[in-house]
Amino acid sequence: MTEEKKAQPIERVSVIVSKGSLEGVYPGLIMANGARMEGIEASLFFTFFGMDAIIRKRLDHLKVATVGNPGMHMPTLLGALPGMSAFATAMMKREMKRLDIPPVGEFLQMFHDAGGEIYACKASVDMFHLGKEDFSPLVDDIITVGEFYEKSAGAQIIFT
Amino acid sequence: MATIEIMGKTLNLDNNGHLANPADWNEDMAHAIAVKEGIPALTVKHWTVLNYVRRVYKQEGAPPSVRRISMESSVDTKELYALFPGGPGKKAAKIAGLPKPKACI
């Protein structure tokens, strides 16, 4: 009998969300929350436009990108027509509702209640001239990239 | 096939370590599985969740997602994670003698 090498199970993940479109934000939320459901420790780190997902006034108004998104299978000029992004967003939201995928704000709450940690990137916060008051109260802290790596000790880092 | 010894019986397990045949399950067995999963005593709240997931399984043939449990069982997300450390969806299903839920949310 050959000796089988057993792979180490994942114990901790840090998920980075760097894009602010609806389709840019959800994969990270689903990966991080899915980790908690498996008993894996998880944190979410929002940077650059990904921060729209935790900015109070924006988080429930994210849109699907219909321009520069080859996955839409739509000519770029058509995607640029007024109302196209709103239309694609409404379609996607309807489908997500059918699958019982919650809106961004509710998703963050669920992840937070599941024991997940939520962070904003200090460099991006400074660049966009934001303060703690601009963010959802669920955000644990605004941290530097160095602090992010410290908090990610022993974690798998997933960039989205 | 892997097996488990519970209350003097040898029962078959599926690939995820859940009971292969949900009909093998009974309430005393839930306590025995819970102890093996690191939950020393099942409380009334645990039973609210276990009865709910068993009801859904009976009606739909599949156990519910964590989100659905939190919305329909009267036990919220925070409590669920406290009651079933290590993943409430799969732990609750395991203790209830059901297969692992196939949900991403």
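The values are calculated or read from the model by the stated rules, or taken from the named source; none is laboratory data. Since we're looking at a predicted model, the values are computed, not measured. Don't worry about glycine lacking a Cβ; one is built from the backbone with ideal geometry, like all the others, and counts go over all protein chains shown. What goes into the accessible areas is simple: the full protein's heavy atoms, side chains included, and nothing from ligands, DNA or RNA. Shrake-Rupley method; radii C 1.70, N 1.55, O 1.52, S 1.80 Å.
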Mind checking which residues of region A:1-18 are at pLDDT 95 or above and either among the basic types (Lys, Arg) or crowded, with 18+ Cβ neighbours inside 10 Å (or both)? A:12, A:13, A:14, A:15, A:16, A:17, A:18
Take the residues in region B:80-100 that are in a helix (DSSP H, G or I) and without any contact (Cβ under 8 Å) to a residue 60 or more places away in the chain; name whichever of them is farthest from residue B:70 (Cα to Cα). B:91
Hey, residue A:39 hits all of (1) open to solvent by 20 Å² or more (accessible area, probe 1.4 Å); (2) under 25 Å from residue A:144 (Cα atoms); (3) within 14 Å of chain B (Cβ to nearest Cβ) but one; which does it fall short on? (2)
Listed by first then second residue, the pairs whose first member lies in region B:9-36 and is surrounded by 12 or more Cβ atoms within 10 Å (Cβ to Cβ), whose partner is of a type in the set (A, V, I, L, M, F, W, C) and in a helix (DSSP H, G or I), with beta carbons under 6 Å and at least 6 positions apart or on separate chains, are B:30/B:95; B:33/B:95; B:34/B:95
Among residues of region B:87-105 being over 12 Å from the mean Cα position of the chain (by Cα) and facing chain A (nearest Cβ under 7 Å), the residue modelled with the highest pLDDT is B:104
Picking from B:80, B:50, B:13, B:19, which residue would you name as being of a type in the set (A, V, I, L, M) and farther than 12 Å from residue B:94 by Cα? B:80
Could you please let me know if residue A:154 is open to solvent by 70 Å² or more (accessible area, probe 1.4 Å), of a type in the set (Gly, Ala, Ser) and closer than 28 Å to residue A:38 by Cβ? yes
Can you pull out the residues in region A:78-133 that are within 12 Å of chain B (Cβ to nearest Cβ), open to solvent by 70 Å² or more (accessible area, probe 1.4 Å) and acidic (Asp, Glu)? A:106
Looking only at residues that are over 10 Å from the mean Cα position of the chain (by Cα) and not in a helix (DSSP H, G or I) in region B:47-72, which one is surrounded by the most Cβ atoms within 10 Å (Cβ to Cβ)? B:64
Just checking, does region B:24-39 include any residue being within 14 Å of chain A (Cβ to nearest Cβ), under 10 Å from the mean Cα position of the chain (by Cα) and part of a helix (DSSP H, G or I)? no
Working only within region A:19-34, note down all residues that are open to solvent by less than 10 Å² (accessible area, probe 1.4 Å) and within 11 Å of chain B (Cβ to nearest Cβ). A:29, A:33
